[in-house]
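Below: the structure, in structure tokens.
The values are calculated or read from the model by the stated rules, or taken from the named source; none is laboratory data. Because the structure is predicted, anything quoted here is derived from the model rather than measured. No Cβ is skipped: glycine too gets one built from the backbone with ideal geometry, and neighbour counts run over all protein chains shown. SASA here: full protein model, heavy atoms, side chains in, ligands and nucleic acids out. Shrake-Rupley method; radii C 1.70, N 1.55, O 1.52, S 1.80 Å.
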Amino acid sequence: MTTTLTPPPTRTPNAFAHGLGTFLRARETGILIALVLVVLVTTVKNPNFIFSADGWRDLLLTPSILVLVAVGQAIVIITRSVDLSVGSILGLTAYLTGRLFLDLQGIPIIVVFLAGIVFGGLLGVINGMLVAYAKVPALVITLGTLYAYRGINVLWAGSDRINASDMPKDFLALGTGSILSIPLLTIIALVVLIVAAWYMKNIRGGREFYAIGSDPAAAELYGLKVTKRIIIAFIASGALSGLAGVLYAARYGTINSQAGSGFELDAVGAAVIGGVAIFGGSGTVWGAAIGAVLLLTINRALPIIGVPDFWQRAVVGVLIIGAIVLDRLLALRQSRKLLEAREYSDD
Amino acid sequence: MTISPSTTGSPALELRDVAKSFGSVVALRSGTLALHSNSIHALVGENGAGKSTLVKIIAGLYQRDAGIFTLEGQPVDFKSTAESKAAGIAVIYQEPTLFPDLSVTENVFMGRQPTGRFGRIDRKAMRTEVVGLFKRLGVRIDPDRPAEGLSIADQQIIEIAKAISLDAKVLVMDEPTAALSGVEVDRLFAVARSLRDEGRALLFISHRFDEVFDLCDTITVMRDGEYISTDAIADTNVDEIVRRMVGRDVTDLFPKQEAAIGGVLLEVTGLRSAGVFNDISFQVHAGEIVALAGLVGAGRSEVARAIFGVDPYDGGSATIDGKRIPPRNPSAAMGLGLALVPEDRRKQGLVLDSSVSRNITMAIQRQLAKLGLITSGIENASAQIWASRLEVKASALDTVAGTLSGGNQQKVVLGKWLATDPRVLIIDEPTRGIDVGTKSEVHRLLSELAGQGMGILMISSELPEVLGMADRVLVMREGRITAEIDRANATSETVMFAATHATEQHS
Amino acid sequence: MTDTTTDPRTAETVRSYKNYSQPLWRRVLFTREAAIIGLLIVVIIVAAASVKNFGTPITMTYLLLDVAPILLIALPMTLVIITGEIDLSVASVVGLSSVLLGILHQAGLPIEVAGLIALVAGALGGALNGFLVTVVGLPSLAVTIGTLALYRGLAVGLLGTTAVTDFPEFWTDLAKAKIGETGIPVIMIPFVVLAIVFAIVLHFTPFGRGVFSIGLSSEAATFSGVNVNRTKFILFVLTGTVSALAGIYYTLRFGSARGDNATGLELSVIAAVLLGGVSIFGGRGAIHGVIAGVLLIGVLASALRLANVTSDVINIITGVLLVLSVVSTSFLAWLQKKRLRPGGIKRAGISAAKV
Amino acid sequence: ATGCASNGSTSDSSEGGDSGSGDANLSITFLPKNLGNPYFDTSDAGGQKAVESFGGTFAEVGPAEASPDAQVSYINTLTQQGVGGIVVSANDPKAICDALNEARDAGVKVVTFDSDTNPECRDIFVNQADSAGIAQVQVDLIAEQIGDAGEIAILSAAANATNQNEWIDLMKEELAASHPNITVVDTVYGDDDDQTSFDKTAALLQTHPNLKGIVSPTTVGIAAAARYLQTSDFKGKVALTGLGTPNQMRDYVEDGTVTAFALWNPADLGYLSAFAAKALIEGTITGAEGDTFDAGDLGEYTVGADGVVLLGDPFVFDADNIGDFDF
Ligand SMILES: Nc1ncnc2c1ncn2[C@@H]1O[C@H](COP(=O)(O)OP(=O)(O)OP(=O)(O)O)[C@@H](O)[C@H]1O
Ligand SMILES: Nc1ncnc2c1ncn2[C@@H]1O[C@H](COP(=O)(O)OP(=O)(O)OP(=O)(O)O)[C@@H](O)[C@H]1O
Ligand SMILES: [Mg+2]
Ligand SMILES: [Mg+2]
């Protein structure tokens, strides 16, 4: 009887070893290693990739906006939905940001940020309600709102363009400035990422996203509030896309009606590459964030490594497919291991 | 009706004349049940008697159509499982429902994790509690592994741990032991008894009478959705209970015709699949009905699926008339004259959203096609024949199959496979969830088919059905055939003994 | 003995069933397809009456020329979506086949051979999608997001900044030619042939029945002897091939092979297919509805353009129409369920939103 | 949105030809590469001013994204509407050809501006400056700014843009011929998209640490590149020039990020194109070499070889003169 149950190893003595083990087994590890490799190889080829003020800054800055959108996307995908309208939401809020500065001279920057987040969240609510109440697949709904939101944007903006000179210098500085050589935008993205990761890992609500994505029927048996959670996931995605839109305005300085178009594929791509299962239930926002950084860093590294401009999309495609195939193989290996473990325990 | 001596005062939970229908299927006519603190109450009844439905009403998953439901004297009306949980009711469902991607620990605590500051989930506390629970249940499952890939037994244990950890006043267990082995069952019983002694009310559902008589204080019998009786365990015996469960002379139900047994049709030799079944060998002759009996989870369905080619297997072979049935190719098996009526008719047997006529002709599309083309007219003509032969109760041939009652759905599946004109029919749980009248119709049909020279392999968990229909009974236990019993020697004792005991009864 | 038991039964109780529970007109009129066709007719009538120049025959010519690639790709896409899968890489295959046609022709191959190779390349592209979905077992959404980038990347990479424009006049003229005096473009001939083939395959063959079964319940289909993986693989290959055909048409019509040809076309195709009544969950849809869906979007765009409505409003209308069409389906389904289950009994099963 | 109002009247007046001289159909529609591009906003505004000055009806339509197939749909629509003239900047020299020819067969006059099609598909091409001149001025500017030696890179628009590619080729020839110490190390494509151009600039500067200058012969590209440079360490170290509009570039010239850049006046380009269309519609000219027509405030212009009308030499903007312009 004493042999049947070996007490679990006490964790304190070798917490580090345990942590290391968890890290090495995590799905995100592979993708992180890939990222480090890309950065290393590129840096060896051209040290400026990291070791110049701009190189360092761009390494951190360029992916920050996509990181925000990818975090929201990851939350939605983890609950077994998908949000294709993020690019359109980003574009709309970016334009809203410009308009606010133009039409309400002297508006405090913080108010603009809040307005962007709230507006994005509202667009997310529309998605969430349609998906959760009408029980219609998220893919179709958000494909529809992808068109509709973008159309509204074009209708609103026309061929109007917001230029850097239309927005306050302080605001634009947020897009490029840095503290202790870490760009502000990156800090914002990191804060959001850490909060989201913490929530997804340590708060009941966060775990329920995973539960719903893992098995929606079981979630209902457990008495989880499935509808509410799905709507919240879409609000999160919308609000983060809204925040990303405000930051987009700060970073790029010029906004027209097409800002952020095509972002949805990058965001879904980042999440999938980062190990978020497209059928929900597993993956982390960390993974999605690393996926976003990898995606954009590859984009920047390919010309330095010597891949010509025109071939870069093909390489990105191969990398996406490679990542999901790898993920699948790892999952298969895992489930084989579990099956073997069962056979042993049966003996 | 006598009240158990161990229960005094008002019941902790009471249901009276509770009814529930699903469309035209009446699952529960008059469910009556009273659970008392300090007591373990057994609920028994045939398959489809309405036990699980009753459980789901208690859990708040279903809402009753009529009747009274009180908790400690107060009428309650649960709208969701969250409400019943909050009211102190823990439920172990018949089918384990875990989140495959989440860890075992998380599965136990989902939705009610212990939290510390800032609402942070206290993982340490969670893990400690799970380890304690598993120790109490005497199982070795890594609390940190994902639920994905766990065996049914392990999943069932996690369900049990989950329910126990709720620390509920009322604990409902719907066939928790169906997949468990002796050791685990003993542990479970020890825990159940200690819970009883702490003053809780427990409900225990099982088809294993030894367990029921070992554990419980009181027993309620249900039949066809109706309450039959409640007795103190000490005042009754197994024979009495079975008589009440079945409620009629069993032999009347099974109009077995004598058929001439011919040569070997289906021959299975040394079939094995790692972790599922091992060394399966048997034969089915023309005109013969062979029953494959055993407890749920013994692996009978897996054997059937492997023979038919839906599941892969690791070794061995199956032949029809000496011709090898190629693995993983159901359409080739169909070509050789094999038909499989699968156990889960709603998922595997039918395309629920498709019409009756499409479903009936689904397995014979290629035969029906003229010049490679097929039309609704051709399908309807063929479906007409089988629907009327089996007397499917449907208003028209384009009625959506999912809207039919369970028994009629089963008839459609039968029709679909009989239409292929098979030589060998494997039929998995032919009458699960079917009402009594339909049941005997199905049995008569099986008899008739055997009489016409078809070889039938019938998988069934219903003992009376096995005993009433089979020319020969094969018993499976934990993935192996443990006994072969001919009609003359087949009794409930011999079959159940082989299904539950490791040592083989017959040499 | 057998006689006595069977005879009376068949004589007494032989039941006969109506083939259909509803009269023909109800079955034809009360469908998504009929609704879309009706809407199409209404839009055409309203546009002809209120939009200047819409009534002219040339409108139809331009309209059909414009929507021809979408019409073509929508055919196999319909089948793919009915099995419950999706292919987002079609527009990239259009681009790739366009580029292949261009560079191979430029390299001196006769255009017929170049076209054939482009078709084969499209089939191979579809086969890669199919392989990853059926053999490796990946979700088609993720796979085709990847191949969307890959095929487009190959197209852009192969041709770089240049565009190949020197195609034989015979072929470029043919791509725009009209059938006699009718004003109907010649491209409609292969389209109609393909549409008939696809309609027959989907609606009148065992293969088509299998496609529907897979979409409704791939498990039940497997248990009935339908080869699920082979069916899906074939459909992905077909989609790739027809997309390549659309790419060839596209190239010849504009006389220009470019890497970025038809960017974003996948969304138009999917939007049109869904509008045409195909369920994204799989298992339901019809070719005629899809054709009406494509034409509806095309007619709306054409009429609105003629009425000087800007492209953004056209996009909003497309998006809203798409959302409304799916929401209305599930709303109708919900109503029907309510009617079928009187007494307000709660849904038996547990359903939750899926992707 | 603006198109609705003005075009409503197009349809009304297209048949009658009520305005302008005689019964000519002076409804002229501008079809830029895409809407929402400030360069075309300016040129089309110039066109509108011209059309209104001679009493025609002006309209502007176009796709949201610069693609030839979308332009074809619009050309077809305009043909059906029976406008008098189309003034178009081509997204592809060949792809829109047939549509334009059909329009011409239907009696619509076609003027290309900014980016030409093949000559046989239009009546007149109004060239902002001849390509050699454009290439020359940019080469001169960059050579001067980097001291006639070192690495430079080019940030272009779409990879298929006809005019861009032609200029780039000519610039390379000119550099090879007259500035042997300057090497073009890279050409990247920002697709006339702010974000892409911005990110490509960043990548360029990383990839080529010794870069001395960037030439961006597109207004979107030069503005995005300037915005990147402004906030980077490379400000003042890497020279930037190319083609840009004064309003977009004002900040950067004033703070020294950019010393000088060139452009013709896009408003004049649109203005001239509108008058060319008018002359064609009225039958004053046919597009043959040697034809002359009146272009309002700009004076008289002569059609050159291949039906090309040249606006003039590009103008160089710098800190001293940028304050004089507002477009
Ligand atoms: N969701 C449902 N929809 C339609 N019919 C149902 C549903 N659930 C149960 N039924 C029917 O109700 C009847 C009672 O089912 P129930 O599951 O309660 O039986 P049970 O006594 O638990 O049987 P078993 O011993 O096999 O578990 C059966 O005929 C079944 O087919
Ligand atoms: N020895 C075993 N160890 C672990 N898991 C097993 C073992 N035997 C069977 N299983 C698992 O149990 C399940 C078998 O359940 P299933 O209910 O299909 O069996 P069955 O005998 O057909 O029962 P029934 O048809 O009566 O429900 C399978 O998931 C199988 O993997
Ligand atoms: Mg049950
Ligand atoms: Mg079974």
Chain B: relative contact order as a whole-number percent, Cα under 8 Å and 6+ apart: 16
Chain pair B, A: total accessible area buried, heavy atoms, 1.4 Å probe, Å²: 3200
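Compute the accessible area per residue over the stretch B:100-149, keeping the other protein chains in place, probe 1.4 Å, unit Å². Show your work: numbers first, answer last.
On the way: 2310 Å² over 50 residues.
Per residue, the stretch B:100-149 has 46 Å² of solvent-accessible surface.
What FRET efficiency, computed as 1/(1 + (r/R0)^6) with R0 = 60 Å and r the Cβ-Cβ distance, is obtained for B:Gln74 and C:Val193, rounded to the nearest 0.05?
On the way: r = 72 Å, r/R0 = 1.20.
The value I calculate is 0.25.
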Of all accessible heavy-atom area on the stretch A:54-330, the percent that carbon and sulfur account for (1.4 Å): 72
Cross-link pairs B:Lys416/C:Lys18; A:Lys201/B:Lys347; B:Lys347/B:Lys393; A:Lys337/B:Lys124 - those with Cα-Cα distance over 28 Å: A:Lys201/B:Lys347
Positive minus negative residues near C:Gly146 (Lys, Arg vs Asp, Glu; Cβ under 14 Å): -1
Between B and C, accessible area buried - total, square angstrom, nearest 100, 1.4 angstrom probe: 3700
Rule-of-thumb Rg ratio for chain C [Cα; 2.2 N^0.38 Å; N residues]: 1.13
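Could you run the numbers on buried accessible area between A and C, total for both chains, 1.4 angstrom probe, in Å² to the nearest 100?
4200
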For chain A, alpha-carbon Rg over 2.2 N^0.38 Å: 1.06
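For the stretch B:100-149, which whole-number percentage of the solvent-accessible area (1.4 Å probe, protein heavy atoms only) is attributable to carbon and sulfur atoms? Could you put the intermediate results ahead of the total?
Details: 1140 of 2310 Å².
The nonpolar share, carbon plus sulfur, comes to 50 percent.
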Contact order relative to length of chain C, as percent, for alpha carbon pairs under 8 angstrom and 6 or more apart: 31
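As an exercise, identify the GluC sites (Glu not before Pro) in the stretch B:168-247 lying in DSSP coil whose Cβ has no more than 16 other Cβ atoms within 10 Å.
Details: sites: B:Glu184, B:Glu198, B:Glu211, B:Glu226, B:Glu240; in loops: B:Glu198.
Passing sites in the stretch B:168-247 are B:Glu198.
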In sequence order, calculated HN-Hα J values of the stretch A:189-201 (Karplus, 6.51, -1.76, 1.60; Hz; x Gly/Pro): 4, 5, 4, 4, 4, 5, 4, 4, 5, 5, 4, 5, 9
Neighbouring partner chain Cβ atoms per residue of B:350-363, average, 10 Å criterion: 5
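Counting only protein heavy atoms and a 1.4 Å probe, tell me what percentage of the stretch C:148-267's accessible area is made up of carbon and sulfur.
Whole-percent figure for carbon plus sulfur exposure: 69.
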Average accessible area per residue (Å²) across chain C - probe 1.4 Å, nucleic acids and ligands excluded: 39
Gaussian network model of chain D, Cα within-10 Å springs - most flexible of D:Ala202, D:Ala224, D:Ala50: D:Ala202
Net charge over other residues, Cβ less than 12 angstrom from the Cβ of D:Leu211 (K, R count +1; D, E count -1): -1
Most fluctuating residue given options D:Leu100, D:Leu311, D:Leu298, as computed from a GNM of chain D linking Cα atoms under 10 Å: D:Leu298
Other-chain or far-sequence residues with amide H under 5 Å of D:Phe317's (modelled H): D:Phe261, D:Ala262, D:Leu263
Cleavage-rule hits, GluC sites (Glu not before Pro), the stretch B:319-414, DSSP coil, Cβ neighbours within 10 Å at most 11: none
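What range in chain B is the longest one free of trypsin sites (Lys or Arg not before Pro) that are in a loop by DSSP and have at most 11 other Cβ atoms within 10 angstrom? Don't jump to the answer; show the numbers that get you there.
Values: sites that count: B:Lys79, B:Arg248.
Longest site-free region, per DSSP loop and neighbour criteria: B:249-507.
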Top positive-direction residue, dipole computed over the protein assembly as shown with Cβ charges, set D:Ile182, C:Phe54, B:Ala483: B:Ala483
Leading residue at positive end of dipole, the protein assembly as shown (Cβ point charges), from B:Thr431, A:Ser178, A:Ala239: B:Thr431
Residue-normalised accessible area of the stretch A:54-330, expressed per residue, 1.4 Å probe, Å²: 29
Gaussian network model of chain D, Cα within-10 Å springs - most flexible of D:Gly46, D:Gly56, D:Gly150: D:Gly150
About the Cα centre, charge dipole magnitude for the protein assembly as shown (Lys/Arg +1, Asp/Glu -1 at Cβ), debye: 5540
Ranking by accessible area, most exposed first, for D:Asp268, D:Asp294 with a 1.4 Å probe: D:Asp294, D:Asp268
Percent RCO, i.e. relative contact order, over the stretch A:54-330, from Cα pairs under 8 Å lying at least 6 residues apart: 37
Test item: D:72-83 mean partner chain Cβ contacts at 10 Å: 5
Under 19 Å from the Cα of A:Lys169 - lysines, other chains or at least 8 residues apart: D:Lys235
